[in-house]
Amino acid sequence: MNQKIYYSLKLFRVMSCIGVVLVHYGQRASLNGIFRTITDFGAYGVYMFFIISGFLGYLSYSNSHSCKEYYVRRFSRVLPLYYCIIIYDFILYECILHGHFIIPADSSHLKWLRYFLLLSQCIPSSDNFWINLSATWTISCFILFYLCVPFLFKFIDTFYKALWFGFFCFVLNRFWSIDWFLPITELCFFALGILIHLALKEHRQNSLLVISCTAIIFFLLFNYDQVYVFSEVFVILIIASRDFAVNNQFMNRFIDLLDEHSFAVYLVHAIIIEAIDLINRVYLLSPLQILIVLITGTAFISFLLHKFIERPFYERVNVYYKRWAK
């Protein structure tokens, strides 16, 4: 498989992360006109993340020696930062803001267990506080997909099987009408990443481009949600940019730096947004002030969490696993 595609995936991952940050900035800053249109478009970055994760999930499993090794590598990458955010939220709302912020009732009565057990999107609740605190709804989706990868890898091992699987996931997404186990409905986007992986492996890129273009026409003709249209556009972009590279050494290092911190930024920016919401209750910030607080706060905390939590934990867990595996 062409190694250059990993470079384009870095670029798309960085762009997706920036897009997610921008959409939340546009909402909090109450932007209007073309600026709001641009920032709102960033919401589709989440689905680019799903597609990239589908690709890399299959790639990671194919490079692992066992299912245990794969799970250790994937979960040690995702869960430490996630639990840092959840513990922070627990301390913030239960201790620091106790008496100043009324925590909504949870109709499921699980409360914080929802987040610690990664059930926020699996079990419905009557209040969004217990469903998407700190914009963590996607983590349940990532974990569900990573759990399924070893099983999927065993049975979805060809391009045409991946096509049928993608179609099945699309139908599931369209007709899943209950509020339970919602991460299942997002599998169709991970399936696109699997499809890209197998298309490149079997040299069927042109076939996938034709299928994606046809799907876009179908979605437009029948007025489907734009998320389906842009997801297929993302597939085309990933395939078309597989040989893309930048020769500037400084730019490459900068992209590597942003990509290395992208997951931390993805999670951390949400708690900065929540802090901005709390500040706005007392003092109304201007759009410029919101932007400054968002950028500086996200950059500083992301750097600290990546340096002292994310990277050390990932490296140590994998070292211990290798020793244990021997």
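Data overview
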quantity	calculated
Some residue of the stretch 97-109 being touching a helix residue (DSSP H, G or I) at 6+ places or on another chain (Cβ under 9 Å) and under 28 Å from Ile52 (Cα atoms)	no
Qualifying positions in the stretch 155-194 - acidic (Asp, Glu) and over 22 Å from the mean Cα position of the chain (by Cα)	Asp157
Residue that is open to solvent by less than 40 Å² (accessible area, probe 1.4 Å), without any contact (Cβ under 8 Å) to a residue 24 or more places away in the chain and not small (Gly, Ala, Ser), where the choices are Arg114, Arg174	Arg114
Evaluation of Tyr70 against (1) touching a residue at least 24 places away in the same chain (Cβ under 8 Å); (2) among the hydroxyl-bearing types (Ser, Thr, Tyr); (3) out of contact with any Pro (no Cβ under 7 Å at 6 or more places or on another chain) (one fails), failing number	(3)
Identity of the residue in the stretch 1-24, touching a residue at least 40 places away in the same chain (Cβ under 8 Å) and more than 30 Å from Pro150 (Cβ to Cβ), that ends up surrounded by the fewest Cβ atoms within 10 Å (Cβ to Cβ)	His24
Members of the stretch 89-100 that are surrounded by 13 or more Cβ atoms within 10 Å (Cβ to Cβ) and farther than 17 Å from Ala270 by Cα	Glu94, Leu97
Residue selected from the stretch 302-326 under the condition in contact (Cβ under 8 Å) with a residue 24 or more places away in the chain and over 25 Å from the mean Cα position of the chain (by Cα), by the criterion farthest from Ile91 (Cα to Cα)	Ala325
Residue satisfying condition, being under 18 Å from the mean Cα position of the chain (by Cα) and open to solvent by 40 Å² or more (accessible area, probe 1.4 Å), within set Tyr47, Tyr82	Tyr47
Set Glu274, Glu202, Glu232: member being open to solvent by less than 80 Å² (accessible area, probe 1.4 Å) and within 30 Å of Pro80 (Cβ to Cβ)	Glu274
Residue within the stretch 25-32 that is assigned to a helix (DSSP H, G or I) and in contact (Cβ under 8 Å) with a residue 24 or more places away in the chain present	yes
Long-range neighbours under 8 Å by Cβ, at least six apart or interchain, first residue closer than 17 Å to Tyr93 by Cα and among the aliphatic types (A, V, I, L, M) within the stretch 260-276, second open to solvent by 20 Å² or more (accessible area, probe 1.4 Å) and not in a helix (DSSP H, G or I)	Ile276/Leu285
Checking Phe189 against (1) more than 26 Å from Tyr6 (Cβ to Cβ); (2) surrounded by 13 or more Cβ atoms within 10 Å (Cβ to Cβ), the condition it does not meet	(1)
Residue check, Ile143 in a helix (DSSP H, G or I), touching a residue at least 40 places away in the same chain (Cβ under 8 Å), buried (at least 19 other Cβ atoms within 10 Å of the Cβ) and on the phi < 0 side of the Ramachandran plot	no
Tyr283 vs. criteria crowded, with 21+ Cβ neighbours inside 10 Å, closer than 24 Å to Tyr93 by Cα and not basic (Lys, Arg)	no
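Let's see how each residue does on (1) open to solvent by less than 80 Å² (accessible area, probe 1.4 Å); (2) without any contact (Cβ under 8 Å) to a residue 24 or more places away in the chain; (3) among the hydrophobic types (A, V, I, L, M, F, W, C); (4) touching a Phe, Trp or Tyr at 6+ places or on another chain (Cβ under 7 Å):
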position: Phe181; (1), (2), (3), (4): no, no, yes, no
position: Ser212; (1), (2), (3), (4): yes, no, no, no
position: Asp243; (1), (2), (3), (4): no, no, no, no
position: Gln249; (1), (2), (3), (4): no, yes, no, no
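The values are calculated or read from the model by the stated rules, or taken from the named source; none is laboratory data. In this text, all values refer to a predicted model and were calculated from it rather than measured experimentally. As a convention, Cβ positions derive from the backbone with ideal geometry for all residues, glycine included, and neighbour counts pool all protein chains shown. Each accessible area value is taken on the protein alone, full model and side chains, heavy atoms only, with ligands, DNA and RNA left out. Shrake-Rupley method; radii C 1.70, N 1.55, O 1.52, S 1.80 Å.
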